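These notes concern the structure reproduced below.
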Amino acid sequence: MTTTHLGMPTVASDPHGHLRGTESFPVAAHRALADTQLRQNLGHATRTIRAKRAAVVGEVDDWEELRRAGECLKADVMARLPELLEQLEASVTARGGVVHWARDAEEANRIVVDLVQETGADEVVKVKSMATQETGLNEALGAAGIAALETDLAELIVQLSDDRPSHFLVPAIHRNRSEIRDIFLREMPDVDPDLTDEPRRLAMAARAHLRRKFLSARVGISGANFAVADSGTISVVESEGNGRMCLTLPDTLITVMGVEKIVPTWSDLEVFLQLLPRSSTGERMNPYTSTWSGVTPGDGPQTFHLVLLDNGRSNVLASPDGRQALHCIRCSACLNVCPVYERTGGHAYGSIYPGPIGAVLSPQLTGISGPDDVNASLPYASTLCGACFDACPVRIDIPHLLVQQRAAAVDAHTRPTAQDVAMRAAAAAMATPGRFSLAERVVKLGRLLGRSGRIRSVPGPGAAAWFGARDMPPPPAETFREWWARRERTRRDRT
Amino acid sequence: MRIALVATCLGDAMFPQAPRATVELLERLGHEVVFPADQTCCGQAHVNTGYLDMALPLVRHHVDVFTGVADVVVAPSGSCVGCVRHQHAMVARRGGDEGLARAAEDLAGRTYELSELLVDVLGVTDVGAYYPHRVTYHPTCHSLRMLRVGDKPLRLLREVRGLTLTELPDAEVCCGFGGTFAVKNAETSTAMLADKMANVLSTHAEVCTAGDTSCLMHIGGGLSRLRSGVRTVHLAEILASTEESPRVPDAIMSEAR
Amino acid sequence: MTARDEVLARLRAARDAGGSTSPAVPREYRRTGTLPPGSAAAVARLDETLTDYKAAVHRVRTEDEVPGAIAAVLRDAGATSIVVPAGLPAAWLTAYDGEVRTDGPPLSVADLDATDAVVTGGAVAIADTGTFVLDARAPDQGRRAISLVPDHHVCVLRADAVVSSVPEALARLDPDGPLTFVSGPSATSDIELDRVEGVHGPRRLDVVLVGPV
């Protein structure tokens, strides 16, 4: 068990919900890196999905044009966000839906709890949704005596094992088939005791477990992949049919979405319905995409509520570059290609949004409160290798945003840290040629440590981190500039 | 052509063999190399650690030192050129210095990583090099994804006499260096390094080469700690090696000095 | 201040602070597909992509062959009862000898659950992706529940409904009614990211494709 130490998820004490963990990235990563099972599971899963994504993206000869259109469509949305939201509100209302607004996670949860209580239901079925994971809705419903049943297979696995999601698309990506079988055997009351770990058998067990619940559910709760401003159309992209069940069979549907999920027009979906499935599950198209506009007499829920969530998104929008993080369509391609994510998994990021996009989104949503804020460690959880940008279907410049959030983390230093002192000293030396060559002469003293041809350790905390796994050659007898000067002298002497 | 050399701070102070080889190679090809002696550092470490204000004077100094000294500027480093090309103007604008930003953009337009300079500007892939060793090439992240050098280094290596090029599995995956990442997230960095080293060792190459001294310091430091016997050598050193004056990767950490 | 007013005020202030210039959206991607709508090539590609995602495709040349194809598929599946939307062409079911339950007035969820299969038409199909779209307001497609609850879905698609690309399909669809885009039987990749077909939605999907073979 990799995550039992996290214990039962509790009602988020932060009004922002689950956007901040309890320990810094390096501390959490330390544990993850030592977990052989986790490393194996993540390595296998991310390798599989990378190959699938590459194959289906390779089929599309206008992929780069689609990416550029997606990027600009989202930039356009950000530039017109308040107006588009008002348009969405009007078009959803005109089609029989009811629109609610929530300043933060707490308010969104309160709205949903009240709506469910009005129906008299004590149980709801849920489609996987990052927004309600962010707000901690299940815990809030639980506190009000309402059971929230996650119906996506991976989300069900997470819920049954009191775990936390570690990936946008596959929240249980950190679990392998035999762990999943064990969870089902332990937690599903009516499961076949001879259940094997064959994925098909596991999927059938989930079907049997949820079937009655779907057919009798009175309230469904979903997120939204896209909301079309001009037609009031909401879209949910899924695979298993659990989404269709939740969106179709209950009397009441409540959809919670971040305000940034909007697109201007129906035809704009032609871009995103190509970008998302290929980037996400590595399929040409996911098995099921549902779209609906308000309430349709005689078909599906006759009561529809749409909850529009801010929860820090306005903070992000205020940054001209940083707002790019709101372009994210939650495909998880950046997670799957990130060499850091592949080795640490999603829990190390603390926030419900892991990986490269999480590392730039979470600290912007919450703001960075000071040098000890665990979210200040997230922008540093990257080598800036740039694989995330190449994979991003809407061309979010994640490496640039990481640098920008590192600057925000430095700006939040209320007292000088050891790193501040070192960087200031280095900057002072480097801004002045004389001081720089003096510093080089100091470096050269390191030759005393490397008489064996390699240096294996040097005192100091930063040095210990380096020398834990790497040698260093001794400094050279002659720096480049000394060599150059010597050569110039020799040449002058010759002529 | 008159070419100004950015030796890079790491190349100057710790790994002078890379900038030296760059000088020897370019002079062998008939070009004039100048070394503006007031140069210090492009500021990449400050920028990428989030000290953008502190980086501003470094950017200003770099632009002052290199403006107007030569036709083009070269650095044997993908990440330093990446910083010049993609970050200097951003740092200047953030600091409110539009004039510096423009000057930085102008300079960036004339600044090249070594393989770009050779293939795109000087139009050469066969530089007359001789290096009779089994070599694998690691494409560093910034040369690959910031500069998009593509297969230029490989085209140069394929023309080197005597050299056996072996393909590195998962070549495009980061080695785990990441500047201060190697210290701030040392354990994750080491996990990435372990995989990179395993891939290097699987090629049975004697030498792992790349276009960035910093990544080579990281990979080479790990290979040395394992006593693997595999050396890391900058691309410039291989290209500078000739039959008349071969460079032999004989020291444990490629100490050709 | 209401939550609505406060959220909108915050967003307005943030938007203005961060910049409110809308970029022009470059539409250089393909808006018409590589294969002409309704062409034999488009139908052939749809056959491939549907099959790739584990739908069983049955090709017939003309509308006259549809009843036989539907009956054969249902017989093969052992379907003794089916549900159909009220506007499904009656001629399509002439060769089927099981029980036909027409969804009008609407069947209960329990009735749907006790029905072996559903037969529908489709609004449009996308050859590039192996997708067909059901429009809940179309008489031969019906409300969403009928194509969801039964475990076996038989969908009849005519060549003139087949387009090559996603943009062409969206241009033919009206977003006002509920739409369901279907690409193969229900599936999941949630276990080690390996794809497994058959979860909550219909586990068996047959497509009768009418057009030049």
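Computed from protein heavy atoms with a 1.4 Å probe, the total accessible area buried between A and B is close to 5800 Å². The Cβ shell under 9 Å around C:Asp128 holds other residues with a net charge of +1, Lys and Arg each +1, Asp and Glu each -1.
Take the Kirkwood radius over Cα pairs of region B:2-121, plug it into Stokes-Einstein at 20 °C and 1.002 mPa s, and you get 151 µm²/s for translational diffusion.
Within the full protein context, the accessible area of A:Lys52 is estimated at about 50 Å² for a probe radius of 1.4 Å.
Each label point was placed 7 Å from the Cα along the Cα-to-Cβ direction; for C:Arg172 and C:Thr51 their separation is 2.2 nm. Applying 0.36 nm per residue to the separation of A:Asp194 and A:Gln40 and subtracting their alpha-carbon distance, the gain on full extension is 52.9 nm. Counted over all Cα-Cα pairs of the protein assembly as shown, pairs farther apart than 48 Å make up 30 percent. Contact with the other protein chains removes 20 Å² or more of accessible area, compared with the isolated chain and a 1.4 Å probe, from these residues of region B:190-212: B:Thr190, B:Ala191, B:Met192, B:Asp195. Once all protein chains are placed together, A:Trp101 keeps about 20 Å² accessible to a 1.4 angstrom probe. State whether chain B is rounded, prolate or oblate according to the following rule on the C-alpha gyration tensor (a ≥ b ≥ c being the square roots of its eigenvalues): a/c under 1.5 gives rounded; otherwise a/b larger than b/c gives prolate, and the remaining case gives oblate. Oblate. Take each residue of peptide A:354-360, count the partner chain Cβ atoms within 10 Å of its Cβ, and average: the result is 0. Is region A:318-470 best put as rounded, prolate or oblate by its Cα gyration tensor, with a ≥ b ≥ c the root eigenvalues, rounded for a/c under 1.5, and otherwise prolate when a/b is larger than b/c, oblate when not? Judged from the Cα gyration tensor, region A:318-470 comes out prolate (a/c at least 1.5, a/b above b/c). When each of the peptides C:51-61, A:345-355, A:382-392, C:187-197 is scored by how many other beta carbons lie within 10 Å of its residues on average, the order from highest to lowest is A:345-355, A:382-392, C:187-197, C:51-61.
Calculated mean residue ellipticity, 222 nm, the protein assembly as shown: -12500 deg cm²/dmol, from DSSP H runs (n ≥ 4) at -39500 (n - 2.57) each, averaged per residue and rounded to 500. Using the Cβ of A:Arg456 as centre and a radius below 12 Å, the other residues enclosed give a net charge of +4, where K and R count +1 and D and E count -1.
In loop segments of region B:96-151 as defined by DSSP, the trypsin sites (Lys or Arg not before Pro) with at most 11 further C-beta atoms inside 10 Å of their C-beta are B:Arg148. When a/c is below 1.5 the answer is rounded, else prolate if a/b is larger than b/c, else oblate, so apply that to region A:62-110 with a ≥ b ≥ c taken from the square roots of the Cα gyration tensor eigenvalues. Verdict is prolate for region A:62-110. As an exercise, use a Förster radius of 35 Å and the Cβ-Cβ distance of A:Asp162 and C:Ser81 to find the FRET efficiency, rounded to the nearest 0.05. Once rounded, the FRET efficiency stands at 0.25.
Estimated at the nearest 10 Å², the accessible area of A:Arg110 is 130 Å² with a 1.4 Å probe.
With 20 Å bins beginning at zero, the pair-distance distribution over Cα atoms of region A:4-314 amounts to 30, 61, 9 %. The 3J(HN,Hα) values that the Karplus relation (6.51, -1.76, 1.60; θ = phi - 60°) gives for region A:260-269 are, in residue order, 7, 7, 7, 10, x, 10, 3, 5, 5, 5 Hz. Gly and Pro appear as x.
Would you mind checking region A:359-385 for residues with the amide N under 12 Å from a putative spin-label position 7 Å along Cα→C-beta of A:Thr414? Output list for this probe position: A:369-373.
Annotation: region B:134-240 has a Kirkwood hydrodynamic radius of 13.8 angstrom, from the mean reciprocal C-alpha pair distance. Between C:Val207 and C:Ala56, C:Val57, C:His58, C:Cys155, the built amide H atoms are under 5 Å apart, and every one of these is 5 or more places off in sequence or on another chain.
Seen against the Cα atoms of chain B and their longest principal axis, helix B:52-66 is set at about 90 degrees. Counting, for every residue in A:427-437, the Cβ atoms of other protein chains within 10 Å of its Cβ and taking the mean gives 6.
Computed from label points 7 Å out along Cα-Cβ, the spacing between A:Thr265 and A:Arg201 is 5.3 nm.
Cβ under 11 Å from C:Ala14's Cβ, C:Ala14 left aside: what net charge do those residues give with Lys, Arg +1 and Asp, Glu -1? Computed value for this residue: +3. Ignoring lysines fewer than eight residues from A:Lys52 along the same chain, the ones with Cα atoms less than 19 angstrom from its Cα are C:Lys54. Mean separation of Cα pairs under 8 Å and 6 or more residues apart, divided by the residue count, gives region A:4-314 a relative contact order of 26 percent. The convex hull of the Cα atoms of region C:1-149, projected and averaged over all directions, covers 14.9 nm².
Selection among A:Ser235, A:Thr196, A:Ala359 by position relative to the dipole of chain A gives A:Ala359 as farthest towards the positive end (Cβ unit charges, Cα centre). Stretching B:Asp151 away from B:Asp126 to a fully extended chain increases their span by 7.6 nm, per 0.36 nm per residue minus the current alpha-carbon distance. Enumerate the residues in region C:157-176 having an amide nitrogen under 16 Å from the point lying 7 Å beyond the Cα of C:Arg59 toward its Cβ. Correct set: C:157-160, C:162.
For peptide C:167-178, the mean count of partner chain Cβ atoms within 10 Å of a residue's Cβ comes to 6.
The values are calculated or read from the model by the stated rules, or taken from the named source; none is laboratory data. Everything quoted here is computed from the prediction, not taken from an experiment. Methodologically, a virtual Cβ is constructed for each residue, glycine included, from the backbone with ideal geometry; neighbour enumeration extends over all protein chains shown. The protein model used for the area step is the full one, side chains on, heavy atoms only, and it has no ligands, DNA or RNA in it. Shrake-Rupley method; radii C 1.70, N 1.55, O 1.52, S 1.80 Å.
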